[in-house]
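So the structure is just underneath, and the comments pick up after that.
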Amino acid sequence: MSSCIYFRRHLAGGTFEGWFWWICSWLRVQVDLTVHFINMGSASSSYSPKTIYLDVDGKVQKVLFSRHCSPCDIKELLCSSSNIPRNTAIMMTDPEGAIVSIDPTMPTNNPNFLYKIIPLSASQLGEKEDMFQNVLSQVAEQFSRAFRINELKTEVTNRLAMLEKRVELEGLKVVEIEKCKNDMRKLRDEMTSRAGARVNCPCKYNFSDDGKKLTPRRDIPSYPKYTLSQETIEALKKPTFDVWHWEHNEMLSCLEYMYHDLGLVKEFNINPITLKRWLLGIQENYRSNPFHNFRHCFCVSQMMYGMIHLCNLQEKLTLTDLGILMTAAVCHDLDHPGYNNTYQINARTELAVRYNDISPLENHHCAVAFQILSLPECNIFANVEPEAFKQIRQAIITLILATDMARHGEILDSFKHKVDHFDFTNEEHVACLKMVLIKCCDISNEVRPTEVAEPWVDCLLEEYFMQSDREKSEGLPVAAFMDREKVTKPTAQIGFIKFVLIPMFETVMKLFPQIEEIMVQPLRDSRDHYEELKQIDDAMTEAQKKKTESLSLGGKKK
């Protein structure tokens, strides 16, 4: 006799204790059966399908199902087999009218002993549901008394309420912070517009409107993690590295590798995800200028990484110094607008007014760098002690400000006075060396092979010509080396290499003789290359001039 038939026959008129005893007995039987089936191991018979036979409108219907089907699946199968809508509530009876349980454990039958599927009416469902609800309520009450479920439920409910309240409060805080930021932004814009109207400052380039917005990234950046080959890892340490073969995502991964390789992640206890977010925030805040763009940032950072290895700076400087050098290199041209300091000052732009004509761009790069670092999710120095961070911040600012070429002579002269008796234990000497190192890296393109360096000259001239065209249209002074009608590639490079690059790198060579072959000699070769090009250009210009004069004289004779 099935358990459900037994239950049906003994339910009416029975006491609750009887029902409760029956349920416990039934549960025990199920446990015993489960143990029995488990002990049977992997016997193939446990996986064979089960077969029952139905009486469907006087015809025999054979139904097969897996022993692992759920009762719901079996009910749907029976409905389909009996031409009854799938979601109809049904019961199954044998030829004697006894109800058969619909589950994988139901007894099998044969074609001579057919089961019948009967759809249940609403009234039958109601009676059955009420009966079971009554039993289940009483069982639940008994279990509640035994296991003190109500007390547990109350405790869980209270804790959930507390957590929901905390979430709500935190959400309100975020909303209030964002509202406060928006209000401050509106107030700042209003003050800026009023100030502009008061002093009548003709700012021709508005950075507030044209600049990129600093947006916090709470998600994990989507750029993929590249596995760098050993060949790439070795190439990264050399000035000959070809920076033109890499996409932005690959450059981000290379920068990430440099921070790990130098031990900076461990030294500053940087969360690797924060490092990713910071690098992505950096990349997003470089503009798409012909020259001063994210690829230039990567060039300078890779050259710094190369010089650290070439000059064995790991043995001479602290890890904090290396972190300062790398971070300053990464941030040194953030949000560069493509127009230099001379333009900013002559055009009286917002930046020039804000920084009183004193290195306006470099001050702006610093400000953007620390705006990004002020975002908790991008702060790679979050785990550094406040006093140590203050010193790191000041050192990074000093290095970025040192990239202003207007200070070139001053910084190089200071280093020349120290290089012959340089002391790595002297903080002033080390600070001066770090300024010279970032200057070398910032303008180091000509150290690279010609096929890598020359495209950068085209990019720089394109940016120069954009500025000079704008200066002409606005009636501002135009520098000769930026005027597309006066400058050529050779004339732009020869003086810069001879009088700026070679003297600076030769001075550094006194402290690090190992750079002569791999850095100074390529500069000398580059100078010779452009001098040859200039001679060719001069010869062609002279030939063209003679041809023009000859044609002119021929016309006069006629």
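The values are calculated or read from the model by the stated rules, or taken from the named source; none is laboratory data. From a predicted model like this one, the values you see are computed outputs, not experimental measurements. Positions of Cβ are backbone-derived with ideal geometry, glycine not excepted, and every protein chain shown enters the neighbour counts. Only protein heavy atoms, including side chains, enter the accessible area calculation; ligands, DNA and RNA are left aside. Shrake-Rupley method; radii C 1.70, N 1.55, O 1.52, S 1.80 Å.
Scan segment 405-459 for residues that are of a type in the set (Asp, Glu) and crowded, with 19+ Cβ neighbours inside 10 Å and jot them down. Before you say what the answer is, go through the steps one by one.
Initially, segment 405-459 is screened for residues of a type in the set (Asp, Glu), giving 410, 413, 420, 423, 427-428, 442, 446, 451, 454, 458.
Hits for segment 405-459 are ASP442, GLU446.
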- Some residue of segment 506-520 being open to solvent by 50 Å² or more (accessible area, probe 1.4 Å) and under 21 Å from MET405 (Cα atoms): yes
- Message: Considering only segment 478-487, I want to know if a residue exists there that is out of contact with any helix residue (DSSP H, G or I) (no Cβ under 9 Å at 6 or more places or on another chain) and outside any loop (DSSP other than H, G, I, E, B).
- Response: yes
- Note on the structure: Here the residues within segment 77-90 that are surrounded by fewer than 15 Cβ atoms within 10 Å (Cβ to Cβ) and without any contact (Cβ under 8 Å) to a residue 24 or more places away in the chain are SER80, PRO85, ARG86, ASN87
- Flagged in segment 312-366 as open to solvent by 40 Å² or more (accessible area, probe 1.4 Å) and aromatic (Phe, Trp, Tyr), in numbering order, are TYR355
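Against the definition (touching a residue at least 24 places away in the same chain (Cβ under 8 Å) and either under 30 Å from the mean Cα position of the chain (by Cα) or crowded, with 18+ Cβ neighbours inside 10 Å (or both)), how does MET466 come out, yes or no?
Details: touching a residue at least 24 places away in the same chain (Cβ under 8 Å): yes; either under 30 Å from the mean Cα position of the chain (by Cα) or crowded, with 18+ Cβ neighbours inside 10 Å (or both): no.
So MET466 fails the test.
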- Message: Just to be sure I understand the filter: pairs with C-beta atoms under 9 Å, separated by 6 or more residues or on different chains, first member in segment 377-388 and at pLDDT below 95, second member open to solvent by less than 40 Å² (accessible area, probe 1.4 Å) and not hydroxyl-bearing (Ser, Thr, Tyr). Which pairs pass?
- Response: GLU377/ARG277; GLU377/TRP278; GLU377/GLY281
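Return the only residue of MET251, MET303 being under 19 Å from GLU446 (Cα atoms) and modelled with pLDDT of 95 or more.
On the way: MET251 fails: under 19 Å from GLU446 (Cα atoms).
The match here is MET303.
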- Given LYS498, LYS546, LYS489, LYS534, which one is without any contact (Cβ under 8 Å) to a residue 12 or more places away in the chain and of a type in the set (Lys, Arg)? LYS546
- Residue selected from segment 292-305 under the condition surrounded by fewer than 24 Cβ atoms within 10 Å (Cβ to Cβ) and touching a Phe, Trp or Tyr at 6+ places or on another chain (Cβ under 7 Å), by the criterion nearest to LEU264 (Cα to Cα): CYS297
- Task: Would you mind stating whether ALA395 is open to solvent by 30 Å² or more (accessible area, probe 1.4 Å) and either touching a helix residue (DSSP H, G or I) at 6+ places or on another chain (Cβ under 7 Å) or among the aliphatic types (A, V, I, L, M) (or both)?
- Result: no
- Task: Please work out if GLU427 is acidic (Asp, Glu) and more than 26 Å from ASP525 (Cα to Cα).
- Result: yes
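Filter segment 265-288 for residues that are over 16 Å from the mean Cα position of the chain (by Cα) and surrounded by fewer than 20 Cβ atoms within 10 Å (Cβ to Cβ) and give the result.
Kept after step one, since they are over 16 Å from the mean Cα position of the chain (by Cα), are these residues of segment 265-288: 265-269, 287-288.
Listed by number, the residues that qualify are VAL265, LYS266, GLU267, ASN269, ARG287, SER288.
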